[in-house]
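The values are calculated or read from the model by the stated rules, or taken from the named source; none is laboratory data. Since we're looking at a predicted model, the values are computed, not measured. Please note: Cβ atoms are built from the backbone with ideal geometry, for glycine as well, and neighbour counts cover all protein chains shown. Remember, those area values only see protein heavy atoms, side chains included, never the ligands or the DNA or RNA. Shrake-Rupley method; radii C 1.70, N 1.55, O 1.52, S 1.80 Å.
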Amino acid sequence: MENTYTTNQVAMIIGIHPNTVRMYEDLDLISKPMRKENGYRVFTDLHLEQFKLARTAFQIEVLQNGLRKKAISIVKLSASCEFDKAIKLTKEYVYSVRNEIHNANEAVEIVKELLKGSSQENRQSLKRKEVSEKLGISMDTLRNWEMNGLFKVKRKENGYRVYTDDDIRKLKIIRSLKCANYSLSAILRMMNALDRNSKADISAVLNTPDYNEEIISACDRLIVSLGSAKENAIAIKSMLYEMKNKYSNPPL
């Protein structure tokens with residue numbers, strides 16, 4: 001016979017407030033529990049596993065590139081017992097997180113090279129659409145960043161914007177700082193500081209706390225957070241496979 005639980009019992013087992021249990025139901029983060037004649041909710045082992053999955057999914061706050069929305073969608077698919085779709089989306093989530101980790105590592109290396117005073121030849125001359133596709137940043141986002149002064153783009157005689165290798169490197173840094181949930185104003189301050197110190201001695205810069213060091217620290221923290229998100233997603237995938245095996249045909 002299947003185990004059943006009251007709202008208070010679920011709250012105690014999961015370690016949350018009874019009101020949070022009801023909130024998860026209202027937000028469709030768990031399956032709708034059956035109710036007794038007196039209106040009391042009846043939860044099962046499936047609900048406990050759905051709660052644990054949701055708590056794992058929301059443990060790490062990752063906002064960039066739709067990662068948060070993907071996490072919510074995974075939880076809601078689990079709540080509706082659409083396990084195959086949830087597993088597929090979880091795999092996509094892991095792939096996206098790995099990309100963000102790569103981006104953040106790349107941003108750190110770019111900042112370190114800039115602080116060393118290293119300069120690279122500008123070989124690229126890209127249009128906004130090409131930059132959008134290359135970096136996975138929407139054209140509207142590029143316009144917004146430019147309007148807010150995060151970077152300046154050169155123009156040809158015909159007025160078309162031309163993005164150089166220097167622009168691409170700066171955009172990669174901005175992309176990771178946004179992923180780390182920094183405001184546009186904070187990013188602007190840091191980018192301005194980076195521009196002022198681009199030829200500074202690396203040892204002197206790193207020994208003096210400033211916005212340049214903050215860029216590297218921000219990306220480092222992001223990498224740690226994303227690494228935890230990836231581990232949690234892998235755990236979620238295992239949970240989903242187990243739930244699929246147990247509850248592929250749950251009772252109505």
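Observations, loosely collected:
- Taking the C-alpha atoms of the stretch 1-148, convex hull volume expressed per residue in Å³: 177 Å³
- Other residues within the sphere of radius under 14 Å centred on the Cβ of residue 147, judged by their own Cβ, net out at +2 (K and R +1, D and E -1).
- The residue list 31, 96, 57 was ranked by how far each Cα lies along the charge dipole of the stretch 19-149 toward its positive end, using unit charges on Cβ atoms, and 31 comes out on top.
- The stretch 1-153, accessible area per residue, ligands and nucleic acids excluded (1.4 Å, Å²): 58 Å²
- Long pairs among 91/134; 152/172; 170/230, criterion Cα-Cα beyond 20 Å: 91/134; 170/230
- Aspartates and glutamates with Cα under 14 Å of residue 244, excluding same-chain neighbours fewer than 8 positions away: 45, 49, 82, 84
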